[in-house]
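Here is the structure we will look at, set down as structure tokens.
The values are calculated or read from the model by the stated rules, or taken from the named source; none is laboratory data. From a predicted model like this one, the values you see are computed outputs, not experimental measurements. Note that each Cβ is placed from the backbone with ideal geometry, even for glycine, and that neighbours are counted across all protein chains shown. Calculation scope for accessible area: heavy atoms of the full protein, side chains included, ligands and nucleic acids excluded. Shrake-Rupley method; radii C 1.70, N 1.55, O 1.52, S 1.80 Å.
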Amino acid sequence: MAKVLYIKANPKPDEQSRTFRLSGSFITAYRQNNPGDEIITHDLYQEGVKPLSAEDLQSVFGPKDADSINHPVLKYAYEFKASDKIIIAAPMWNLSFPSILKCYLDNITVTGITFHYTEQGPVGLCQGKKAVHIVTRGGAYSEGAGGAYEMGDRYLRTIFGFLGITDFTTIAAEQLDVIGFDAQGELSQKMQEAEEKARTF
């Protein structure tokens, strides 16, 4: 049985979010094909994930012991390390993703838990995990001229690689705000793609 983290980063409710419609298709198909897996959902806005404070940094960068796993600031990092698969559902905002997702990433990127420093430099401790980023975008940013402006998926791939996760898939519905573009058709097609990829995730 796999342990799956489903991270939601959008203040909109499920029925109003195109991103969550897309990720919902993925989750439904995944559950059907993996009924025994444990899926832990974190809605970052509902949980009120906040930036790290000066006091929090002492815990993030300080030594870890047997009691660290119960520390409120480190709980996300330990949970992330214990997971097998990670699903990130976050729309493109201002060429990246909602800032609350960066707050979550700061909470899980913890020395001594998800990575550590060696004489050769930092080494990720999360090898063998799988990740998928599910995203909706108003314009075209997967390739071409728009690709140079895309910072969200690029950052996620980079930070996950830093943590040792290289099996990283992106499911992106694009041009949803372009006038005259068949946004509903694009979203429907990507929902089918999400269902197909969920079966082998």
Magnitude of the Cβ-charge dipole of the range 60-201, K/R +1 and D/E -1, about the Cα centre, nearest 20 debye? 320 debye
Could you tell me the center-to-center distance, by alpha carbons, between the range 106-137 and the range 1-44 in angstrom? 21 Å
DSSP-defined antiparallel bridges as percent of all bridges, the chain, nearest 5: 15 percent
So which aspartates and glutamates can K50 reach, going by Cα to Cα under 15 Å and dropping same-chain residues fewer than 8 places off? D106
For E38 paired with A82, estimate the spin-label separation in nm (one decimal), with each label point 7 Å from Cα along the Cα-to-Cβ line. 0.6 nm
Amide H contacts of G112 (H built 1.01 Å from N, under 5 Å, at least 5 apart or other chain): Y117
Rounded to the nearest 20 debye, dipole of the range 81-149 from Cβ charges on Lys, Arg, Asp, Glu: 200 debye
So between S99 and D14, what do we pick up on full extension, going 0.36 nm a residue minus the alpha carbon distance? 28.7 nm
Considering Cα pairs under 8 angstrom that are at least six residues apart, work out the relative contact order of the chain and quote it in whole percent. 26 percent
Considering only protein heavy atoms and a 1.4 Å probe, what is the carbon-and-sulfur percentage of the accessible area of the chain? 50 percent
Report, for the range 52-167, the % of DSSP beta bridges that are antiparallel, rounded to 5. 40 percent
Expressed in nanometres to one decimal, the distance between label points 7 Å along Cα→Cβ at T28 and E196 is 1.8 nm
Residue (of H133, I113, Y78) at the positive-pole extreme of the range 69-141, dipole from beta-carbon charges: H133
About its Cα centre, how strong a charge dipole does the range 1-115 have in debye, to the nearest 20, once Lys and Arg get +1 and Asp and Glu get -1 at the Cβ? 400 debye
For the range 1-134, whose charge dipole is built from +1 on Lys and Arg Cβ atoms and -1 on Asp and Glu Cβ atoms, the candidate among L57, T41, P91 with its Cα farthest towards the positive end is P91
Using a ≥ b ≥ c from the Cα gyration tensor of the range 1-105 (square roots of the eigenvalues), is it rounded, prolate or oblate, where a/c under 1.5 gives rounded and otherwise the larger of a/b and b/c decides, a/b for prolate? oblate
Which of E119, E143, E79 fluctuates most in a GNM of the chain (C-alpha springs under 10 Å)? That residue is E119
Run lengths n ≥ 4 of DSSP H only: what is the helix-derived mean residue ellipticity at 222 nm for the chain, with -39500 (n - 2.57) per run over all residues, to the nearest 500? -11000 deg cm²/dmol
